[in-house]
Amino acid sequence: MQASFELFPLVLETTVDGQRRSCLIKEINVSGDTAKKELWFLYPNELPMPDNSDCDSYLLAILLPAMQMKADIIVHGSVSQELLSNLTELQYVWHKWCPEEFFLVDIKVDSIRDSEERQKGAIVAFSGGADAQFAAYRHTKGIAGYSTQDIRAGVFVHGFDIPLADTQGFLGAAKMAAEVLESIDLTLFTVKTNIREVWNMNWELYCGTALASTLCGFNKYVGVGLLGSGESYDELVTPWGSHPITDPLLSSSTFKVIHDGAGFNRSEKIKAISEWPLGIKNLRVCWAGGNHERNCGYCEKCVRTRLNFLISGVTDPACFTSSLKQSDFNSVVLRSEAARSEWKLIRSEMIETGQGVEWLPKVEQVLKRKSSPKFSTILPIGSKRRRLVKKILAKNS
Ligand SMILES: [Zn+2]
């Protein structure tokens with residue numbers, strides 16, 4: 001039996017907490033078993049919302065889970081013609097990147113929307129990290145040249161890096177993000193969603209699509225969404241969930257997604273935002289521990305960011321409460337290809353610029369340190385070994 005996902009958009013609900021857009025998803029697997037799930041997004045009350053039948057956001061959310069399950073998608077609502085065209089191409093990208101993990105699937109929709117108008121203005125995905133800050137800063141300060149976007153607001157999503165259950169942590173982090181955006185005359189909107197709880201997807205691969213799915217709910221307010229880049233063009237990590245090849249393919253005729261800032265690496269971005277005192281003070285790079293209002297100072301991301309600052313000529317930035325010391329490197333382990341690539345870049349930048357070069361032996365030590373093998377290292381995505389283990393697990397479940 002052919003597996004399928006059916007999407008049924010639900011009616012918008014307005015409460016004191018916000019506007020809840022949601023859809024019912026009926027999943028049928030190859031054995032004919034069915035499951036029903038509800039995907040929801042809670043948007044601020046003051047925003048104009050897309051029509052109930054507009055399923056662009058839901059289709060984006062469901063695409064990668066459906067490709068992974070080899071399930072056709074049936075949408076009982078409307079989808080933008082441009083989005084359908086882009087998602088056709090996007091499927092080829094994921095299938096070429098991970099041929100045994102993501103399969104090509106059919107998409108059927110009740111109605112296709114054509115020749116729609118795109119609103120003026122842009123929003124930027126904003127969680128207070130260096131990539132988002134760089135995007136917000138360079139566009140509002142008009143230093144992005146001809147590519148400058150008219151950013152109206154930042155959007156911080158609860159349910160991505162900070163789990164839905166952590167209300168206090170999110171409030172603290174959102175307060176810092178709002179302060180920093182206010183200093184460049186931008187509003188902060190917060191959105192809640194259960195997208196990460198509906199499917200157990202690898203977040204490193206799913207993050208960009210999940211962000212686009214959430215941000216495109218702003219399509220009646222602005223027509224462009226910026227996703228701050230991670231790796232620069234010369235250091236791209238593939239496959240990755242937010243990437244210069246895939247992000248533009250998340251665009252519809254009413255909401256264009258831009259992968260912003262890949263012309264700059266992390267040290268270059270940090271150098272640019274080092275002219276923004278509140279930006280530096282409120283820079284939040286750390287997801288370690290339970291406190292989302294400050295950076296711990298000694299996790300991999302914190303130590304790496306401190307080195308980026310040193311390379312940019314900034315010692316003791318205000319986002320860290322103490323100076324870098326030898327022992328901060330003790331527990332640094334590189335758990336992803338992206339992190340390893342960043343540390344290699346730091347090594348070459350130190351050698352090239354001479355900045356922070358006194359920490360070079362420590363950087364070498366970290367690069368030599370073995371990380372504990374992850375599931376994806378033992379069973380690489382797309383490998384025969386992984387497929388075999390999955391088959392065995394499926395048989396025994
Ligand atoms: Zn940290």
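Structure above, values below:
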| read-out | value |
| --- | --- |
| Number of positions in the range 33-50 that are over 19 Å from E6 (Cα atoms) and at pLDDT 95 or above | 8 |
| Near pairs, Cβ below 9 angstrom, 6+ apart or cross-chain, from the range 280-303 (of a type in the set (S, T, Y)) to any residue that is surrounded by fewer than 21 Cβ atoms within 10 Å (Cβ to Cβ) and not in a loop (DSSP other than H, G, I, E, B) | Y298/S327; Y298/D328; Y298/F329 |
| Matching residues, the range 234-259, being assigned to a strand (DSSP E or B) and in contact with an Asp or Glu (Cβ under 6 Å, 6 or more places away or on another chain) | V257, H259 |
| A153 being touching a strand residue (DSSP E or B) at 6+ places or on another chain (Cβ under 8 Å) and outside any strand (DSSP E or B) | no |
| The range 225-246, residues that are free of Cβ contacts under 8 Å to residues at least 40 places away in the same chain and within 12 Å of the chain's Cα centre (by Cα) | G241, S242, H243 |
| Residues being over 19 Å from V191 (Cβ atoms) and of a type outside the set (D, E, K, R) - total across the range 26-54 | 8 |
| Filter result for E117 (surrounded by fewer than 14 Cβ atoms within 10 Å (Cβ to Cβ) and within 21 Å of the chain's Cα centre (by Cα)) | no |
| Yes/no for S22 being of a type in the set (G, A, S), over 14 Å from T193 (Cβ atoms) and assigned by TED's automatic domain parsing to the domain that holds L104 | no |
| Within the range 258-272, considering residues that are in contact (Cβ under 8 Å) with a residue 60 or more places away in the chain and more than 16 Å from the ligand (Cβ to nearest atom), the one farthest from S348 (Cα to Cα) | I258 |
| Condition broken by I311, with the remaining ones in (1) away from the ligand (no atom under 14 Å from the Cβ); (2) out of contact with any Asp or Glu (no Cβ under 8 Å at 6 or more places or on another chain) satisfied | (2) |
| Residue among E231, E275 that alone is in a loop (DSSP other than H, G, I, E, B), buried (at least 21 other Cβ atoms within 10 Å of the Cβ) and more than 16 Å from the ligand (Cβ to nearest atom) | E231 |
| Selected residue (criterion: nearest to the ligand (Cβ to nearest atom)) from residues of the range 315-333 that are surrounded by fewer than 17 Cβ atoms within 10 Å (Cβ to Cβ) and of a type in the set (A, V, I, L, M) | V333 |
| Selection within the range 295-308 - near the ligand (Cβ under 9 Å from one of its atoms) and of a type outside the set (D, E) | N295, C296, G297, Y298, C299, K301, C302, V303, T305 |
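The values are calculated or read from the model by the stated rules, or taken from the named source; none is laboratory data. These numbers were taken from a predicted model, which means no experiment stands behind them. Positions of Cβ are generated from backbone atoms using ideal geometry, with glycine treated the same way; all protein chains shown enter the neighbour counts.
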